[in-house]
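The structure appears below as structure tokens.
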Amino acid sequence: MFEFVMPPAVIMIVGALLVALARPMLRPLIALLTPLVTLYAIWQIPDGIQLSAMFLGYEVQVVEGSALRRLFATVFAIMAFGGVLFAFRQSKWWELSAAMIYAAGAIGVSFAGDLIVMFLFWELMALFSTVVVWCGGTEGAKRAGIRYAIIHLLGGIILKIGIEGLIVHTGSPEIRALALNNFDTWMIFIGVLINAAAPPISAWLADAYPESSPMGGVFLSAFTTKTAILSLILLFPGQPLLIWIGLWMIFYGIIFALLENDMRRILSYSIVNQVGFMVVAIGIGTELALNGAAAHAFTHIIYKALLFMSAGAVLYQTGIRKCSELGGLFRTMPLTTICGIIGALSISAFPLTSGFISKSMISSAAGGEQLMLVWYLLVAASAGVFLHAGIKFPWFVFFQKDSGLRPPEAPWNMRAAMVLFAVGCIALGVFPGLLYGLLPFAVEYVPYTADHVVTQLQLLLFAGLAFFVLLPLMKRTDTVSLDFDWIYRVGLPGVLRAIEKLLVRGRRALIAAAVPAGKQLKTWFTETPYMLFSSRSPMGQTAIWMAVLLAFVIVLAII
Amino acid sequence: MAHDPNNRVPGHDHWLVRPKTIRWLIGISIVVLVATVAAQFVVPVHAYFSIGEVFGFNAAYGFLTCVGMVVFAKLLGFVLKRPVDYYAKSPKFNADADDV
């Protein structure tokens with residue numbers, strides 16, 4: 001159709017700008033069509049470099065196609081469509097526009113052939129995701145958005161230092177597998193990991209996302225962390241350090257989600273948890289593992305968006321975000337409940353859902369490489385996912401006690417988006433070939449074997465048993481949990497304040513000492529002037545000085 | 001945002017939360033749990049590591065690791081949990097502040 005290759009990200013940006021400029025009546029149409037046109041454009045991009053341009057004296061590769069890149073761009077476009085469908089009647093136009101440019105950034109990173117283009121779209125995402133956080137519209141959203149922006153701009157600077165160093169030292173900005181053997185690659189590694197919500201600064205995610213609007217959270221759940229996953233697959237496949245970083249993220253997500261009361265913060269922690277699975281897979285680095293990482297990113301975006309949609313629908317209808325105040329909503333929101341449960345089963349990798357066909361690739365890759373400890377931890381984590389997201393989220397939001405809330409179902413477009421993504425979760429679970437055909441490497445993996453289904457059901461159902469047995473321990477408390485962000489939200493301001501206090505005290509002590517001392521000095525000057533400027537016998541001294549001067553003149557005259 | 005907390009009809013709660021239904025649900029759950037373990041008589045399990053082939057290993061492992069995670073989270077909660085307004089109340093750095 002296109003004579004020249006149209007970068008899909010540009011289509012999305014143009015669509016986002018049109019949404020901003022169009023008459024209100026046309027906005028929904030443009031917003032819904034844009035992701036579909038973008039999706040079409042994504043599938044027109046063949047393998048290899050398709051579009052180059054000159055930028056700052058470098059030939060940059062704006063569009064480079066490959067199966068992996070198309071896979072990520074595809075799910076980003078699907079996500080943009082589902083998000084717009086969920087949001088278009090409730091979001092303000094600026095939130096829609098910002099979310100679409102944010103999605104465009106993610107699609108741009110997917111096709112970026114070199115680090116310069118990647119960085120530009122990376123920053124586009126940082127800017128417009130911040131706008132989406134701000135669209136939460138509360139004072140909390142404003143503050144969280146500023147913290148979010150600071151972290152991401154800082155991450156961007158670190159990434160840029162690495163990219164510039166790499167270009168200076170190797171002469172090439174091309175995206176290729178890098179080894180962690182010098183300062184430049186370490187900087188790139190850290191810059192990408194910041195967006196993946198890797199430790200120690202995972203806290204930005206659960207800090208910012210829950211502050212967004214009910215619609216904004218759906219968009220936020222998808223793009224930033226998954227573009228980081230794509231970048232890690234392209235730049236650092238098989239880097240063993242990633243296995244341990246990923247495992248930390250997995251268990252961090254579970255433990256903090258277990259402590260949490262805010263329903264969307266529970267889901268945010270579980271993003272870190274799920275991205276951890278992908279990071280582990282990239283660290284393992286075999287074809288099966290990288291396939292698993294890509295497949296899991298794909299399924300994760302769909303089911304996590306579905307979970308955020310069901311939480312968003314509840315939030316939109318009730319205005320309540322705390323588990324301790326929710327409960328019993330299945331009575332009046334049955335569709336939202338069912339969709340939430342499908343999302344929860346998918347994230348838990350239940351057979352016949354999308355998570356089952358992707359997550360099991362990752363643990364199989366660990367098993368296949370004889371990484372025994374990693375395998376045991378991944379299996380325990382799979383049980384933990386069911387515990388913290390699979391049961392905890394639907395149980396506390398839709399069941400547990402009767403909170404007395406009787407909200408009606410969410411508006412039709414929200415329901416349509418949830419049903420669409422719920423069908424997607426089941427379809428991928430039932431027909432794994434749909435996804436396996438898109439993966440970067442040929443798939444020999446068979447998810448549905450009798451023993452795999454049996455062992456997975458044992459694992460998950462007994463994890464569920466543990467949940468209900470330990471229910472008294474899970475009682476929700478109205479609390480927040482300290483995290484690394486304590487350092488920059490309380491610790492650092494505390495240190496600055498202590499320094500400030502010290503300086504203020506110093507200033508006051510100085511003033512307290514200096515004023516009386518100055519006063520004394522002044523008094524001394526005014527009251528004892530004769531000691532300095534004259535004497536008790538002024539005339540006598542003058543006469544002596546006159547005599548001395550006269551004698552000097554005489555001496556001069558004689559000479 | 002519309003919800004009316006007062007439109008409940010006493011004694012006519014949803015069928016899903018009636019004690020009889022819940023007894024049934026518990027019964028079914030127990031049967032299903034037993035069935036998933038018993039299925040191992042029929043389906044031989046091939047695990048990557050030998051301990052995974054022990055009868056009921058996944059059931060026990062899933063249950064015990066979850067208990068471990070919940071207890072660990074609970075203990076960590078004593079250290080990490082703070083009131084919701086913790087950050088709102090924490091001192092803010094303000095260079096112009098004179099109220100030290």
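Listing for the model above:
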read-out: Added length on full extension, which subtracts the Cα-Cα distance from 0.36 nm per residue, A:Trp43 to A:Ala442; value: 141.7 nm
read-out: Cβ neighbours within 10 Å from other chains - mean over A:256-262; value: 3
read-out: Packing rank of A:312-319, B:35-42, where each peptide gets the mean count of other beta carbons within 10 Å, highest leading; value: A:312-319, B:35-42
read-out: In sequence order, calculated HN-Hα J values of region A:408-422 (Karplus, 6.51, -1.76, 1.60; Hz; x Gly/Pro); value: x, 4, 5, x, 4, 5, 5, 5, 4, 5, 5, 5, 4, 6, 5
read-out: FRET E, pair A:Ala512, A:Glu139, Förster distance 45 Å, beta-carbon r, rounded to 0.05; value: 0.70
read-out: ³J(HN,Hα), Karplus 6.51/-1.76/1.60, whole Hz, each residue of region A:346-355, x for Gly, Pro; value: 5, 5, 7, 6, 6, x, 6, 10, 5, x
read-out: Using alpha-carbon coordinates, inclination of helix A:183-195 to the longest axis of chain A, degrees; value: 60
read-out: Alpha-carbon centroid distance for the pair region A:239-303 / region A:17-87, whole angstrom; value: 26
read-out: Cβ-Cβ FRET estimate between A:Leu521 and A:Ile559, R0 fixed at 51 Å, reported to 0.05; value: 0.65
read-out: For B:Lys81, distant residues with modelled amide H under 5 Å away; value: A:Leu482
read-out: Amide H contacts of A:Gly136 (H built 1.01 Å from N, under 5 Å, at least 5 apart or other chain); value: A:Ser213
read-out: Least to most buried among A:His388, A:His169, A:His300 (fewest other Cβ within 10 Å first); value: A:His169, A:His300, A:His388
read-out: B:Phe49, A:Phe298 arranged by Cβ crowding within 10 Å, fewest neighbours leading; value: B:Phe49, A:Phe298
read-out: With Cα atoms, 0 to 90° folded angle of helix A:67-87 axis to chain A main axis; value: 90
read-out: Long-range HN-HN contacts of A:Leu51 with modeled amide H, under 5 Å; value: A:Val62, A:Val63
read-out: Chain A: calculated mean residue ellipticity at 222 nm from DSSP helix runs of at least 4, using -39500 (n - 2.57); value: -23000 deg cm²/dmol
read-out: For region A:207-216, Karplus couplings with θ = phi - 60° (6.51, -1.76, 1.60), whole Hz, Gly/Pro x; value: 7, 8, 4, x, 8, 6, 6, x, 7, x
read-out: Fully extended contour minus Cα-Cα distance, from B:Asp13 to B:Leu76, at 0.36 nm per residue; value: 18.9 nm
read-out: For B:67-78, mean number of other protein chain Cβ atoms within 10 Å; value: 6
read-out: Of A:Lys226/B:Lys81; A:Lys226/B:Lys89; A:Lys359/B:Lys89; A:Lys501/B:Lys81; A:Lys304/B:Lys81; A:Lys304/B:Lys74, pairs whose Cα-Cα distance is over 32 Å; value: A:Lys226/B:Lys89; A:Lys359/B:Lys89
read-out: Two-site FRET efficiency, B:Phe55 against A:Val168, from Cβ-Cβ distance with R₀ of 51 Å, rounded to 0.05; value: 0.25
read-out: Relative contact order of chain A, pairs being alpha-carbon contacts under 8 Å that are 6 or more residues apart, as %; value: 13
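FYI, it's all coordinate maths here, none of it is from the lab. The shown structure was predicted, so the numbers you read here are calculated from the model rather than taken from an experiment. So basically every Cβ, Gly included, is an ideal-geometry build from the backbone, and we count neighbours across all protein chains shown.
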